[in-house]
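The values are calculated or read from the model by the stated rules, or taken from the named source; none is laboratory data. Note that the structure is a prediction, hence the values are computed from the model and not measured. Glycine also receives a Cβ, built like all others from the backbone with ideal geometry; neighbour counts cover every protein chain displayed. Areas reflect the complete protein model, heavy atoms only, side chains present, ligands, DNA and RNA absent. Shrake-Rupley method; radii C 1.70, N 1.55, O 1.52, S 1.80 Å.
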Amino acid sequence: MSQKTLTESQEGAIEARPGAIPKRWWILAVVALAQLMVVLDSTIVNIALPSAQADLGFSDGNRQWIVTAYALAFASLLLLGGRIADLFGRKTAFLVGVVGFAAVSALGGAATNFEMLVTARALQGAFGALLAPAALSLLNTTFTDAKERAKAFSVYGAIAGAGGAVGLLLGGILTDALDWRWTLYVNVAIAVVAFAGGWLLLHNHRDAANSKLDVPGTVLVAAGLFSLVYGFSNAETHDWSSPATWGFLIAGGALLAAFARWQTRAAHPLLPLRILLDRNRAASFLAVLISGSGMFGVFLFLTYYLQLNLGFSPTKTGVAFLPMVAALMVAAQVGTTMLVPRIGPKAVIPLGFAVAAVGMAWLTGIGVGSSYVSAVLPQLIVTGLGLGLVMPPAMQLATSGVAAEDAGVASATVNAMQQVGGSIGTALLNTLAASAATAYMVGKDATNKLVQAQATIESYTTAFWWSAGLFAAGALIAFLLFRRGVPEQDAEAAPVVHM
């Protein structure tokens with residue numbers, strides 16, 4: 001036998017070892033790219049909104065629907081998208097999601113009126129709801145060796161956590177250098193690479209091929225999630241006392257309760273309760289929900305502060321978030337590959353929440369004439385370090401140990417928690433910030449520019465304090481819920497799953 005043949009045999013043996021899937025690191029790159037595309041679109045369009053509004057001529061009242069349409073479709077269809085991946089194959093779901101997302105992004109970029117743009121954004125959310133759980137479940141079933149799985153999830157979790165900040169940067173660059181439409185056209189370029197990689201590298205396997213789609217469960221959970229996100233969105237534009245707010249929130253809660261009850265009786269449940277009943281997994285879902293809620297205090301209000309108070313351009317604002325992204329990525333690697341496998345999530349995830357809470361509390365020191373270097377930069381780094389110890393480990397634990405036939409719907413639940421958390425955070429923090437600004441103006445000269453500027457600072461710091469409170473609550477909840485010690489799936493290799 002030739003030396004070349006020996007080498008090839010040895011390489012084949014390495015790739016064929018238990019838990020290994022050939023070209024899995026290339027699969028990680030493809031999955032990460034697709035996930036980045038989905039996460040980017042939660043923020044990349046935000047910076048371009050003023051330009052799009054001026055170009056298409058829609059009102060301030062309609063402006064929020066460019067963001068809300070995406071969130072509503074994405075959140076309400078996530079569990080359906082995850083189950084489709086389980087039933088019809090993750091490769092099929094992934095490729096359809098990529099192509100669809102790219103096509104409707106091009107439609108949005110070519111929009112000639114508000115109706116066309118908001119329709120494209122809603123369709124983006126629908127295809128994103130198919131793509132995101134397929135991507136995460138592919139990661140979950142590709143990496144079955146404990147150490148490699150930790151590395152893969154550190155990358156994925158860092159993208160999920162930092163993608164919003166990257167979206168602000170990329171949105172600013174594209175809007176400044178080209179046109180707002182390129183914040184949507186850029187998805188086509190990303191999708192071409194993701195589709196080619198997915199077509200060549202992925203294999204289709206239907207782990208839940210013998211199951212059927214739970215239609216009543218799908219209707220209940222889609223309507224419930226839609227009502228929750230719509231209710232929280234109305235809280236931003238109306239009021240918490242508005243029937244359009246509390247009515248939809250109550251309806252959403254009732255529908256989700258009915259969904260949970262139905263899942264105990266359905267022959268082929270959409271979300272098998274065995275996924276939620278594991279203590280570490282349930283704690284991880286809550287950690288993703290809380291971190292998603294608090295993160296919006298960083299991205300949303302700090303963006304306002306940097307642009308409106310410090311005079312940063314959209315591009316410079318995006319660059320200002322990069323140190324936080326770098327800190328998050330470093331902490332993600334350390335948390336998932338070193339700390340959790342050695343000391344377990346009960347210590348690591350509460351520590352991450354506590355560090356993030358310190359960063360947000362420290363950020364409340366901003367003032368009208370503060371400097372980015374002293375009043376924002378160190379605080380961003382600390383917050384990024386904290387979130388890096390929370391999100392990637394939580395996402396890994398939320399999908400670890402899940403049966404192959406449930407991988408898609410478990411992954412969808414993670415995405416749903418992050419999306420609903422973001423909706424809650426946006427509505428809650430916006431309302432609290434507006435109330436703080438109004439309270440500050442009482443008894444003062446509302447025409448005085450200095451008073452107006454200080455009122456906006458008061459609104460930002462109020463939001464930061466509440467974000468710090470959310471993270472502190474997350475630390476307590478995580479400490480109480482996570483089991484002691486190292487989870488079994490981190491101590492030993494997970495069982496082999498064939499794609």
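Given a 1.4 angstrom probe, what's the average accessible area per residue across region 207-360, in square angstrom? Present the calculation step by step, with values, prior to reporting the outcome.
Details: 6310 Å² over 154 residues.
On a per-residue basis, region 207-360 sits at 41 Å².
Is the shape of region 324-374 rounded, prolate or oblate, going by the alpha carbon gyration tensor and its root eigenvalues a ≥ b ≥ c, with a/c under 1.5 for rounded and a/b larger than b/c for prolate?
Working: a/c = 5.93, a/b = 2.22, b/c = 2.68.
Because a/c hits 1.5 or more and a/b fails to exceed b/c, region 324-374 counts as oblate.
Counting Lys +1, Arg +1, Asp -1, Glu -1, what net charge surrounds Val98 among other residues with beta carbon under 15 Å of its beta carbon?
Numbers: positive: Arg90, Lys91; negative: Asp41.
Summing Lys and Arg as +1 and Asp and Glu as -1 gives +1.
Of Lys91/Lys151; Lys316/Lys449; Lys23/Lys147, which pairs sit farther than 20 Å apart, going by alpha carbon to alpha carbon?
In this structure, Lys91/Lys151; Lys316/Lys449 lie more than 20 Å apart at Cα.
Could you derive backbone 3J(HN,Hα) for region 104-121 from the dihedral phi with the Karplus parameters 6.51, -1.76 and 1.60 (θ = phi - 60°), listing whole Hz in sequence and x where the residue is Gly or Pro?
So the Karplus estimates, Gly and Pro as x, are 6, 5, 5, 4, x, x, 8, 4, 10, 7, 4, 4, 5, 5, 5, 5, 4, 5 Hz.
Roughly to the nearest percent, how much of the accessible area of region 319-464 is carbon and sulfur, given a 1.4 Å probe?
About 70 percent, which is the carbon plus sulfur part of the accessible surface.
Tell me the net charge near Ala436. Cut-off is 14 Å between Cβ atoms, Ala436 excluded, with +1 for each Lys or Arg and -1 for each Asp or Glu.
Numbers: positive: Lys444; negative: Glu458.
Residues close to Ala436 contribute a combined charge of 0.
Please provide three numbers in whole Å: the alpha-carbon extents of region 420-473 along the principal axes, with the largest listed first.
38, 19, 15
Calculate one ³J(HN,Hα) per residue across region 48-57 by plugging θ = phi - 60° into the Karplus curve 6.51 cos²θ - 1.76 cosθ + 1.60, and present them in order as whole Hz with x for glycine and proline.
7, 4, x, 5, 5, 5, 5, 6, 9, x
Sort Val192, Val382 by heavy-atom solvent-accessible area, probe 1.4 angstrom, most to least. Show your work: numbers first, answer last.
Working: Val192 95, Val382 35 Å².
Per-residue accessible area, sorted high to low, gives Val192, Val382.
Rounded, prolate or oblate: pick one for region 246-391, where a ≥ b ≥ c are the square roots of the eigenvalues of its C-alpha gyration tensor, a/c under 1.5 means rounded, and failing that, prolate if a/b is larger than b/c, else oblate.
Judged from the Cα gyration tensor, region 246-391 comes out oblate (a/c at least 1.5, b/c at or above a/b).
Over region 212-260, what relative contact order in percent results from Cα pairs under 8 Å that are six or more residues apart?
Reported relative contact order: 46 percent.
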